[in-house]
Amino acid sequence: MWGYTQKVKNSQIEEFYLGYIKEIHFHLGSCFAVLGNSELSLKHYKKALDLEPDSEVIHSAVGLAYIKMRDIPKAITHFEKVVELNENNLMAVNSLALCYQEVGELDKAERYLRVIAQKDSQSVSARQNLENFLRKYK
């Protein structure tokens, strides 16, 4: 695919091939994640992210890979980017809350849990997560 991008003169066609390359790396990253190879998974996710740096989906996948590798600060960076891109991405907000809880930044964890409970006020699990957090830490 990279060879095709080098040969074409039309930027729309080049973008078409780059889209395929991004998808290939993303799916390879997903395959390696399922196989439990977080390092190769992360390598491919990062290559996909290079091609679409503002992708919520790819940043979330990178964040999850870092969680599996127990590198919570790097996971936080990617989940924060997702929330910056879309503050209504409650999965990323929840991931941030869990990450902040893990590193002991309890004020931030609580703030994000409250955001989830407010934005998804009908969610029993969101309410329960906040209540459990408050019981444990407050």
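The values are calculated or read from the model by the stated rules, or taken from the named source; none is laboratory data. Please read these numbers as outputs of a predicted model, since none were measured by experiment. Note that we place each Cβ from the backbone using ideal geometry, even for glycine, and neighbour counts take in every protein chain shown. Areas reflect the complete protein model, heavy atoms only, side chains present, ligands, DNA and RNA absent. Shrake-Rupley method; radii C 1.70, N 1.55, O 1.52, S 1.80 Å.
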Subset of region 16-53 [without any contact (Cβ under 8 Å) to a residue 24 or more places away in the chain, in a helix (DSSP H, G or I) and within 13 Å of the chain's Cα centre (by Cα)]:
45, 46, 49
List the number of the failed condition for residue 57; all other conditions in (1) open to solvent by 20 Å² or more (accessible area, probe 1.4 Å); (2) over 12 Å from the mean Cα position of the chain (by Cα) hold.
(2)
Is it the case that some residue within region 59-80 is at positive phi and not acidic (Asp, Glu)?
yes
Filter region 120-135 for residues that are open to solvent by 40 Å² or more (accessible area, probe 1.4 Å) and under 20 Å from residue 76 (Cβ atoms) and give the result.
129
Restricting attention to helices (runs of 4 or more DSSP H) lying wholly within region 54-107, give those where 3 or more residues are at pLDDT below 95.
90-102
Search region 112-134 for residues that are in a loop (DSSP other than H, G, I, E, B) and at pLDDT 90 or above and pair each with any residue that is of a type in the set (A, V, I, L, M, F, W, C) and open to solvent by less than 30 Å² (accessible area, probe 1.4 Å) when their beta-carbon atoms are under 8 Å apart and the residues are at least 6 apart or on different chains.
120/126
Do we have any residue at all in region 64-71 that's basic (Lys, Arg) and over 28 Å from residue 34 (Cβ atoms)?
no
